[in-house]
Structures are given as C-alpha cells and as structure tokens.
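Here is the structure we will look at, set down as structure tokens.
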Amino acid sequence: MHMVARLFSLFSVGVVLASAAVAGTPSKPAPYLAKNGQPEAAIVVGENSGPFYQWVAAEVQRFVHDLSGATLPIVAEHELPDRKPLIVLGGPASNPLAAAAEEKQLVRFAGLKSDGFIVRTVDLEDRPAIVVGGNDVAGTMYAAYELLERLGIVFQLTGDIIPVKRPDLPLPDLDVRMEPVFKDRGMHCWHGIRWYMGLNDLRKEIDQLAKLKMNVFQFYWGMGGPWAEFSYDGNVAGISAPKESGYVAWPGASGTANSVLVGRECFPEDGYMGPPEFAGVQSQEEAYRTAREFLRELIRYAHTRKVRVWLTMGEIPYVPESLVPPDSKRGHNFYCGVALSPSEPAVLDIWEAAVRSMIENYPEADRYWVVSGSELLGGTRPVHGVAATDPQVQAFVRDYSHLLPLIPPKPQAAVDAGLAYLDLADIAVAERLVRRIREDNSAAKLGLELIFRGGQLRALDAALPKDVALMNMVNFKGETAMNFFDGIHGRDLVVWPRITDDGCELNIQLNAKMYDHDEVIAGAVRYGLTGILGQLNKSRGAEQSAQYIAEGSWNPEIHCQSFYERYLSRLYGTDALDVLMKAFLSLEDNEKELGWHGRHGILSTWSASSRLGIKLREVNDKENPLTLNWTDVDKAILAAEEDRRFWDDRAAQCGQALELLRQARPEVLPGSREELDYVIYKTHNLVTVFHLLGQAREASAAFDRALAAAHAAQPAESKQQFEQCQTALDRANELIREVAHQMIPYAHIPTERHILWIINKAIPTYDTARDYLREVTAVQTTKN
C-alpha cells in the first residue's frame, strides 16, 4: 500500500498486535505498554543523547500516563528491564539501540528528509520494541507525537484531547515512515489583531504547533507597532497602537472592557484587555522596551520546540504618521500608517531604517519579511493617490520596465488606472530595499510577502536574488491562484492560505472545501513550493482548518472528505461518524455560501458595530416632502429583502447542522464530548447571529418602505411599515443580547472573551436605532 494512504487510513489501536502465533508453536503473550494502569514497557534514550531527547522522552511518559495511568520508566540503553517491551527513542546517531536495529535491517533511517521520521514495531534482542525517531532532533520529536496519536491522543491547535482512557494499552504493530511535503510549515500570527494574547498564550500555541509537526511561527505587525524602534530624519517612529491596549492593538480595534454591557463580569475589573506583560506601560519608550523583551523571549521559547520564528512588518508603501515628510502627498490612512507614493524617497529610507532595526534587535530570528504592496492596492485605485502617469513614478520604474511582460494582464479598469506600472513601483521599492539591507546584512535571511498580489511573483523572481523568499496569500479570488507560482525555481516559495480571517472572527471557519477549491496543497506540490503558512487571527474555533493545513503539509493527497473521515473518527469515534460527517460538511457548505470570507465580514475586529449593528437611513424630518433619491431607496429595499432571505437560509442550513451535532452527542467518545459541546455552542451562536442579521435587514427594509409609502401619500401603509420596523428592531435588540449571553459560559477562553467584547460594540446601535425610529415615526405621523 502507498505510504501516505497507509499512514492516513483509519486505524484502531490495540486491534493489531506486534506478535502473531506461528503454526505448530505456542503463541507468545500479547505485548503491552501498560496493563491495568501499570507500566509494562520502558522508554529508552541514548545515554549521551542530550537534554532535548530527555524532554521528548518525558513527553511520551506524560501522555502515556494521562492515557493509561501508567508511568513508563525512562532508562538508558544499558539499564534495560528484563524482557519488557521497549520504546526506543531517537535515531541511530543518538540511540545505540536504534543503530542496532538499523544494522540488523529492521529499520532504515538512511535517506530520510530533514524532519522525517520512523515509527516501527520490531523484534529487538528477542523482545518487542517500537523504534521512534529521526535523523535529527525535530524528527524524533515528531515521531514521538505521531506514536502518541497512534495510541489515541488527539493533538489540536488549542489543546490535547484524550477521547477515551486506556488502562490496558497494547503495543501496536506500526510501520510508519513519514517525510514532510514542505520544509516550512506553520502559522502566521498578527498580534495587532490578537492583541489580548500574552507570552503564556503564545507559548501554548507554539507547543501545539510542535505537536502538529509544524515548525514556523510568523509574528506580524504593521508599520507603527512597538516591535521595532527606529528613526528617520532625526525623529523616532511613533507607535500608532493606543495606550489603552498597552500600545499593541490594531488602531481602531482597541478599547477597554469598561463599555461592555453584557458579560462585564467576564473581564478584569480595571477594564484592561491587552497582554499582561504590557499592563501598566505608560509611555511609548516603555512600550518599545517591553516589546523587545517580549519578542526575544518568544523567539527563545520557540527554538526550544524546534519552531523557527519569522518576523514580518507591513505594508509598503505605508509609513508612520509621525515620519511623513511635510511636503509629501498623503494617501490612504490604514492600520500601518499613511500611504505615500512608492517613488517618494522617504518610503525607501523609512523602510530601510525599520528593517535594519528588526534585524539588529532580533538577531536570533530565523527570517525577516516585509509585506510589499498593500492588500488595498489590488483594486483599481492606488492607496497613495498618485497616478501611474506621475513623472516621478515613471522615472522611478524606468529601470524595471523590462519586467512588465512578466506581470499578467489585468482587468480593464485596472489597466486604465495603470496598476501594472504601480506593480512595477512596488517591485522597484522591494528590489532597492533588499539591495540596501544586504550592504551590511549579507547573512540575514529575507523574504517578501504579498497579499493577493500573485501577479507580481514572476517579476519579483526576476528582480531579486534567489535567496530572498517569496510568499503570497490565497483566498479563492483575486491574484491568488496557485499557478502564479508556476515557472519559479531555485527559491523558497510559500503559500499563505487563510485559517481565520480578520473579516470574520465570530464563527468556526471550516475551510477544507476552500483549500480543495484553491488547490492549496496540490498546487503547492505541483509548483514546487517549499512552505505553507496559515493566516491565524484567532485560535479557538480554528482547529479543523489548522489541522487540515498541518496534515496536508505531510500528506499531499489530502482532500476534504478524507480529512473529515479521519479527523472525526479519531476525535469522536466511529459510532457518530456518519451523522457528524453530514453536520461538518453542511457547515463547510455554509462557509462557501458566505463567500469563504464571512459575507464581507460578519464580525470584524475593526468594524463590528457596522457589521452586526444597525443604522437606519438618515432623513431630514423638517423636509416636507422628503427629498430622497427614490430610485436608490427602491434598490436598497430590494437589496435588504434579498439579504433577509439569505440570512434566513443560512440560519435554516446551520440549524439543520446543529440538530445533527446534538443527535451525535450521545454516541461520541466520552473524553470528546466537551469539544463537541463547544462546536454545538458555536453553531447555535451562529444561528442566532443569522437570525439577528435577518431581523436587522428586515428593519432597514421596513423603514425604507415606510418612507416610500409616506412619499406616495399612503399613511396607513407607512404606519404599518413603521410598526413592522419597530417589531423587527425589538427582536434584533433581543437577539444581539442573546448572542452575547450565549458567550458568557465560554468567556474564560481568551478568543471567546475577545469576541464577546467585539459583540458588545454593536449592542448600542440598536438602542440608537430604536430612539431614532421613534423620532421619525412621530414626525411622519404629525405630517400625515
């Protein structure tokens, strides 16, 4: 059987044993790792293998104890217990028993890729043994976690689950040889969105990445964050993040818990919601110092788990507000500062100072990235407000015009806006920046990161040294197709799919069908990519999508159906599999209907009040008759009615999935019911949100219908529609509070507490809308 198919097929631990009866001879007793909660085997490490191997052995010991109650002894190769089965930990270079097994051709470590490993049951020195190791320390750690998974532990992004305890733990018959598809496998963390996370939270996440056999943690911040202190033209870059967050939150996404209306008891008394390390920070100077200590410790800890740390800053051509030259033409304001023309000399100078600071302050980091070309530049308007025909831009890109044929054709509107030339301007900044940094940082590993700008990849490949890595975000539309990587060779290439997006933090985002649609794994293999990093803007509720990317990093044949069959069976057991498959695939379909991006963001970090809140059309009550564009009003009514039907359909579909989840609950393994309860809660919460959105859109439609009826001199109809608006508003007001109340039992989870805070930002809009409706109704009644 093909290795991948064998590895990822469903298995039942304890059914297949290591020894079999030979005809005509007595059968040996079945070997066990644990029996009646007592140890029946030993973990063997090489005497001179070093502290990391001892730590890995302790991990195996800890989880076997949690699973069975037995504490397996950890011994060196000269301390073997008589006749007991063995777990031989490490490869031939670190464990003499592994070397002996290879010499006897019982295992074959030769030819394993870096991080690759073996988990194989053998008969060693006339006793059963499982050889668990790789040729490097990371490979041995991954082998240990693979063994533990085969024994029945489930590792997820946010924690470990033991679906069922096994006091009797048979020694399984295993023959596993695994190698990674990609050398770089990990998650991208935007701390400005996850600004509530402290070091302990991030350490736990790094622990879980190691268990998922991932080896990269990318830490991202926008220009103006506290993580890199630098100066330009004699001025220190100002921090754009608000003081109330400890100077770490995305501007506009910050706040305190003091304004929380529902669930205030779930938050600290003083209202502070940022990382504990930044509590009490009073100045930008203190914030810069605290951030350096924080990030240096994060890098140190990650390395103890064999996780590399990539630091990333974005987005060119934005610069900090405090460093904008007074005579510059200012463009769009964003979380990362003010957009200037890429041809503005200050852009390159400021970014050079910022990247140098990143390298100098964090020399232990494993790669340094910049986001080149803003996400917002992918439209038809340049964020900096400078046209491609600008003489300064034309002069800036002149030496790069030979790259223009490498940029794919764009839609006509983008062509008319000259965005191909603005792509060249981005590339020109990137190439010049790399050249400057390399003048005195030749050993620093650099990378260039794009957000839906895959059309630049081939041109960047032609412009940049081959040791500069390239990355592009993909999300089912725009310049995100995997074939943009085609034809690029001899360079580290990384795909950046979304696990969770800042446009929709509310629900469990199930993206397996989207990954299949985008060919994230298959395309990465086809075009020779070296890495995959998931965009992770929250962790709880992202377990399934993160698991898909983690498994796909080792199994190129993964697809939605096979993934859920394996994932749900291992976590919940086979008795509930059929029902759970229907529920999860239905929720996957719901994500597709939402547009795989939360219907333009149901719940956004940065604009919750406008997404889940409500605002009725503004009118001047003193006008008689009202002066409105009635064609636009009619269109708005039709759009609101269509939205109402859409949200009602989503509520119905997710309601059916919710019933399936509840139906499955009695059949799932006992240790997994708490996890299923969380999925049930999140699905119920999402159904409530869909009902809320439907009522909010009905209120908007009824309000506009009332205005239209008043304009048409139909007072009875106008009165009825105002009453219908009032009814819908009252129901929506109840639902927004119900959404928040449902979250309170789960608010001990940092992600859920943060979402509860965001929900609370939308609640006042319903009180405001009801007051406004009363005013308008009273005036219109008087007029009629």
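The values are calculated or read from the model by the stated rules, or taken from the named source; none is laboratory data. All values derive from a computational prediction rather than experimental measurement. All Cβ positions, glycine included, derive from the backbone under ideal geometry; neighbour counts span all protein chains shown. Heavy atoms of the whole protein, side chains included, go into the accessibility calculation; ligands, DNA and RNA do not. Shrake-Rupley method; radii C 1.70, N 1.55, O 1.52, S 1.80 Å.
Non-local amide H neighbours of Val371 (under 5 Å, H modeled in plane, Pro and chain starts lacking H): which ones?
Counting only residues 5 or more places away or on other chains, the set is Met313, Gly314, Ile316, Glu449.
With θ set to phi - 60° and the Karplus curve 6.51 cos²θ - 1.76 cosθ + 1.60, what are the ³J(HN,Hα) couplings of region 106-120 in order, to the nearest whole Hz, using x for Gly and Pro?
After applying 6.51 cos²θ - 1.76 cosθ + 1.60, I find 7, 9, 9, 8, 4, x, 5, 5, 4, 6, x, 7, 10, 10, 9 Hz.
Would you mind counting up the charge near Glu285? Only other residues with Cβ under 15 Å from its Cβ, with Lys and Arg at +1 and Asp and Glu at -1.
Local net charge: 0.
Which far-off residues, 5 or more places away or on another chain, put their amide H under 5 Å from the one on Arg540, with H placed in the peptide plane?
Result for Arg540 returns Thr751.
What does the net charge come to around Leu446 if you take all other residues with beta carbon closer than 10 Å to its beta carbon, with K and R at +1 and D and E at -1?
+2
Residues with amide H under 5 Å of Ile87's amide H, sequence separation 5 or more or different chain, H placed in the peptide plane at 1.01 Å from N; which?
Ala42, Ile43, Val44, Ile130
Using a cut-off of 14 Å between beta-carbons, work out the net charge of the residues near Pro750 (Lys and Arg +1, Asp and Glu -1, Pro750 not included).
Its environment carries a net charge of +2.
Among DSSP beta bridges whose residues both lie in the chain, state the antiparallel percentage, nearest 5.
For the chain, the DSSP antiparallel bridge percentage is about 30.
Please list, in order along region 202-210, the HN-Hα scalar couplings obtained from phi with the Karplus expression 6.51 cos²θ - 1.76 cosθ + 1.60 (θ = phi - 60°), rounded to whole Hz, x for Gly and Pro.
6, 4, 4, 5, 5, 4, 6, 4, 4
How many Å² of accessible area per residue for the chain, probe 1.4 Å?
38
Please report, largest first and rounded to whole Å, the three semi-axes of the ellipsoid equivalent to the chain, where each semi-axis is the square root of five times an eigenvalue of the C-alpha gyration tensor.
49, 35, 23
Quick check: the distance between the Cα centres of region 162-224 and region 618-640, to the nearest angstrom?
Rounded to whole Å, the Cα centres lie 53 Å apart.
Let's see if you can work this out: charge +1 on each Lys and Arg Cβ, -1 on each Asp and Glu Cβ, no other charges. What is the dipole magnitude of region 226-376 about its Cα centre, in debye to the nearest 20?
It works out to roughly 460 debye.
How large is ³J(HN,Hα) for each residue in region 174-185, as worked out from phi by the Karplus curve 6.51 cos²θ - 1.76 cosθ + 1.60 (θ = phi - 60°), to whole Hz, x for Gly and Pro?
With coefficients 6.51, -1.76 and 1.60, one gets 10, 8, 10, 9, 10, 9, x, 6, 10, 6, 10, 9 Hz.
Give the peptides 721-727, 340-346 in descending order of average Cβ contacts within 10 Å, highest first.
In descending order of packing, they fall as 340-346, 721-727.
Can you tell me the dipole magnitude for the chain around its Cα centre, using point charges on the Cβ only (Lys, Arg +1; Asp, Glu -1), in Debye to the nearest 20?
560
Any lysines with Cα under 23 Å of the Lys682 Cα? List them, leaving off those in the same chain fewer than 8 positions away.
Qualifying lysines at Cα under 23 Å: Lys204, Lys513, Lys538, Lys582, Lys592, Lys761.
Roughly how big is region 91-199's charge dipole about its Cα centre, with Cβ charges of +1 (Lys, Arg) and -1 (Asp, Glu), in debye to the nearest 20?
380
Between Ala257, Val324, Ala30, whose Cα lies farthest towards the positive end of the dipole of the chain when Lys and Arg beta carbons carry +1 and Asp and Glu beta carbons carry -1, centred on the Cα centre?
Farthest towards the positive pole: Ala30.
Separation between the Lys466 and Thr71 pseudo-spin-labels, each 7 Å from Cα along Cα→Cβ, expressed in nm?
5.5
Got a sec? Charge dipole of the chain, +1 on Cβ for Lys and Arg, -1 for Asp and Glu; which of Val520, Leu580, Val779 is way out at the positive end?
Going by the Cα projections, it comes out as Leu580.
Using a 1.4 Å probe on the protein heavy atoms, what percent of the accessible area of the chain belongs to carbon and sulfur?
Carbon and sulfur: 50 percent of the exposed surface of the chain.
With unit charges on the beta carbons (Lys and Arg positive, Asp and Glu negative) and the dipole taken about the Cα centre of the chain, which residue among Asn624, Leu533, Gly91 sits farthest to the positive side?
Gly91
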